[in-house]
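Asker: Please find one structure pasted underneath; my questions will follow.
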Amino acid sequence: MAREFIVPGRIISGTGALETAKTILKKMGKKALIVTDKVMVELGNCAKAEQILAEEGIAYSICSEITGEPTDIMIEKGLKQYREENCDFIIALGGGSPIDSMKAIGSLVENGGNISDYMGKEIDVKMPPMAAIPTTAGTGSEATQFTIITDTKKDIKMLLKGRVLMPDLAIIDPQFTMTAPPAITAATGLDALCHAAEAYTSRKAQTLSDTFALSAVKRIFQFLPEAFRDGKNEEARVQMSIAALEAGIAFNNASVTIIHGMSRPIGALFHVAHGLSNAMLMKECLAFALPGAYSRFADLGRAIGAADEKDGEKEAAEKFLSAVERLTKELKTPAPADVGIGREEFFKAIDKMAHDAMESGSPQNTARDVSEEDLKNIYKKLWEA
Ligand SMILES: NC(=O)c1ccc[n+]([C@@H]2O[C@H](COP(=O)([O-])OP(=O)(O)OC[C@H]3O[C@@H](n4cnc5c(N)ncnc54)[C@H](O)[C@@H]3O)[C@@H](O)[C@H]2O)c1
Ligand SMILES: [Fe+2]
């Protein structure tokens with residue numbers, strides 16, 4: 001069956017990427033809304049982008065109101081600013097949160113309304129030009145047609161989709177990830193690993209997504225521990241940025257599966273950072289998924305050198321799982337209680353979380369049949385360790 005494969009309009013990657021991209025930015029519009037967060041302003045990352053725009057004579061207005069993972073309310077504010085400031089294109093500078101916010105603001109520019117109106121529908125509206133500058137090596141949002149926004153009335157992290165959400169330009173410049181502290185490097189890097197491993201073992205995997213997923217998994221095992229240990233190691237940062245991009249391209253075209261499906265409800269109800277909730281779920285979710293796709297997980301085990309040709313498929317798959325466990329330990333992945341989640345509160349929420357996870361459709365992409373009951377059991381297992 002023929003399949004479509006979607007990537008960003010243009011990608012500029014490597015040291016000096018922003019400098020190289022400035023003439024392209026100039027052609028995108030006259031006034032940019034820079035969607036970012038306060039940390040980027042405080043660290044001086046935003047000033048670096050401002051300088052490039054100033055050099056090119058591009059006007060801009062800064063929206064640094066994205067605090068934590070984006071909500072419908074933040075999107076409303078961003079849209080108001082875009083309109084009041086007469087912007088005609090958007091640049092996101094930050095992790096997945098500012099990049100997703102850019103996409104959501106862009107979706108409302110032409111027709112207005114509320115971002116929740118698009119829940120369950122394909123977004124197909126006229127968008128302003130969009131450029132994404134990721135500062136975490138994680139979400140891959142710079143290369144996806146998704147945006148994840150919290151509906152504050154329903155306490156749901158909405159997964160919204162549309163080809164038009166794919167950025168026109170992705171600028172992968174390692175100078176911006178260098179400032180990420182170890183905990184953020186670990187959580188976001190494991191998010192990228194989930195994207196790649198889920199894409200490779202998804203029912204919706206395709207040949208081209210496999211190429212990107214395998215490459216990302218290898219790169220992450222090779223370079224994430226070093227990026228975590230020494231954030232100033234530029235080679236490790238460059239490699240991790242490429243890995244996150246590859247993983248984004250992979251899951252954009254193959255979908256995520258059970259980890260992400262189960263992770264979003266934790267994020268929505270307990271306000272745990274996305275990478276952390278994924279990382280907590282990795283071991284139990286992969287252990288559940290393994291029997292549905294031994295040969296696919298075996299490929300991953302061999303790709304990272306944890307298994308070789310002598311190992312049978314089940315053995316090689318299990319070696320991949322053990323390698324994931326070692327990596328999550330090495331990166332000091334916290335348990336739910338370590339991030340302030342109360343056990344009782346969590347158990348009370350399990351039915352809603354399992355329901356919301358199934359509703360998102362992601363768990364069903366797992367190469368093993370999965371029921372709401374299975375998800376409840378996995379949520380419970382997070383407290384057994
Ligand atoms: N659109 C997609 O395809 C997609 C995929 C996966 C996740 N997501 C979404 O992305 C969001 C999470 O994004 P994220 O994990 O990149 O985190 P984030 O954007 O929420 O940032 C997390 C924290 O790290 C800080 N930070 C970011 N870059 C930094 C840097 N270079 N130096 C210092 N601090 C830095 C931020 O200021 C923030 O405090 C979630 O809402 C998640 O659901 C989207
Ligand atoms: Fe993710």
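The values are calculated or read from the model by the stated rules, or taken from the named source; none is laboratory data. Predicted, not measured: the structure shown is a model, and the values here were computed from it. Note that each Cβ is placed from the backbone with ideal geometry, even for glycine, and that neighbours are counted across all protein chains shown. Surface areas here come from the heavy atoms of the whole protein model, side chains and all, with no ligands, DNA or RNA. Shrake-Rupley method; radii C 1.70, N 1.55, O 1.52, S 1.80 Å.
Asker: Just to confirm my numbers, what's the Cα centroid distance between segment 216-287 and segment 1-74 in Å?
Answerer: Result: 22 Å between the Cα centres.
Asker: Could I ask something else about it? Measuring from a point 7 Å past the Cα of residue 178 along Cα-to-C-beta, which residues in segment 230-269 have an amide N at less than 17 Å?
Answerer: Under 17 Å, as judged by backbone N against the label point of residue 178, lie 230-242 of segment 230-269.
Asker: Nearest 0.05, what FRET efficiency do residue 368 and residue 61 give at R0 = 45 Å with Cβ-Cβ as r?
Answerer: So the FRET efficiency works out to roughly 0.40.
Asker: Here's something else I'd like to know. Give, in nm to one decimal, the length gained when the segment between residue 308 and residue 287 is fully stretched (0.36 nm per residue of separation minus the Cα-Cα distance).
Answerer: In short, 5.6 nm is gained.
Asker: Rounded to the nearest 500, what is the 222 nm mean residue ellipticity of the chain from helices alone, with -39500 (n - 2.57) per DSSP H run of 4+ residues and division by all residues?
Answerer: Here the helix-only value at 222 nm equals -17000 deg cm²/dmol.
Asker: I'd like the distance separating the alpha-carbon centroids of segment 94-173 and segment 311-378, in whole Å.
Answerer: 25 Å
Asker: Looking only at segment 10-176, where both bridge partners belong to it, what percent of the DSSP beta bridges are antiparallel (to the nearest 5)?
Answerer: So the antiparallel bridges in segment 10-176 amount to around 25 percent.
Asker: Ok, one more. Give, rounded to the nearest 20 debye, the magnitude of the charge dipole that the chain has about its Cα centre when Lys and Arg contribute +1 at Cβ and Asp and Glu contribute -1 at Cβ.
Answerer: So the dipole magnitude of the chain works out to roughly 240 debye.
Asker: Using a cut-off of under 18 Å, list every residue of segment 34-66 whose amide N is near the label point 7 Å from the Cα of residue 19 along the Cα-to-beta-carbon line.
Answerer: Under cut-off, by backbone N: 45-57.
Asker: Probe 1.4 Å, all protein chains in place: accessible area of residue 309 in Å², nearest 10?
Answerer: 150 Å²
Asker: Here is a further query. Which lysines does residue 319 reach when only Cα atoms under 17 Å apart count, and residues fewer than 8 places away in its own chain are ignored?
Answerer: 218, 283, 310, 329
Asker: Can you spot the lysines whose alpha carbon is less than 19 Å from residue 157's alpha carbon? Ignore those fewer than 8 places along the same chain.
Answerer: By straight Cα distance, residue 157 reaches 77, 103, 121, 348, 352, 376.
Asker: Calculate the spin-label point distance for residue 343 paired with residue 154, positioning each point 7 Å from the Cα along the beta-carbon direction, and give it in nanometres.
Answerer: Distance between label points: 3.3 nm.
Asker: What share of all Cα pairs of the chain, in percent, falls into each consecutive 10 Å distance bin?
Answerer: Distribution as computed: 5, 25, 35, 25, 9, 1, 0 percent.
Asker: Expressed as a whole percentage, what fraction of the accessible surface of the chain belongs to carbon and sulfur atoms when a 1.4 Å probe is rolled over the protein heavy atoms?
Answerer: 51 percent
Asker: Then there's this: Accessible area per residue of segment 339-385 at 1.4 Å probe, in Å²?
Answerer: So segment 339-385 comes to 54 Å² accessible per residue, rounded to a whole number.
Asker: How much accessible surface does residue 191 have with a 1.4 Å probe, in Å² rounded to 10?
Answerer: Residue 191 has an accessible surface of roughly 0 Å² with all protein chains in place.
Asker: Ranked highest first by the average count of other Cβ atoms within 10 Å around their residues, in what order do 319-325, 375-381, 94-100, 53-59 fall?
Answerer: Listed from highest to lowest mean packing, they are 94-100, 319-325, 375-381, 53-59.
Asker: Two decimals is fine: what's Rg over Rh for segment 10-176, C-alpha atoms, Kirkwood radius as Rh?
Answerer: Result for segment 10-176 is an Rg/Rh of 0.93.
Asker: In the chain, what percentage of the DSSP-assigned beta bridges are antiparallel, given to the nearest 5?
Answerer: Once the DSSP bridges in the chain are tallied, antiparallel ones form about 25 percent.
Asker: Take each of the peptides 354-360, 294-300, average the number of other beta-carbon atoms within 10 Å over its residues, and list them starting from the highest.
Answerer: 294-300, 354-360
Asker: Now, a different point. Tell me the accessible surface of residue 48 in square angstrom (1.4 angstrom probe, heavy atoms of protein chains only), to the nearest ten.
Answerer: About 80 Å², rounded to the nearest 10.
Asker: Rolling a 1.4 angstrom probe over the protein heavy atoms, how many square angstrom per residue are accessible across segment 277-337?
Answerer: The answer is 43 Å² per residue.
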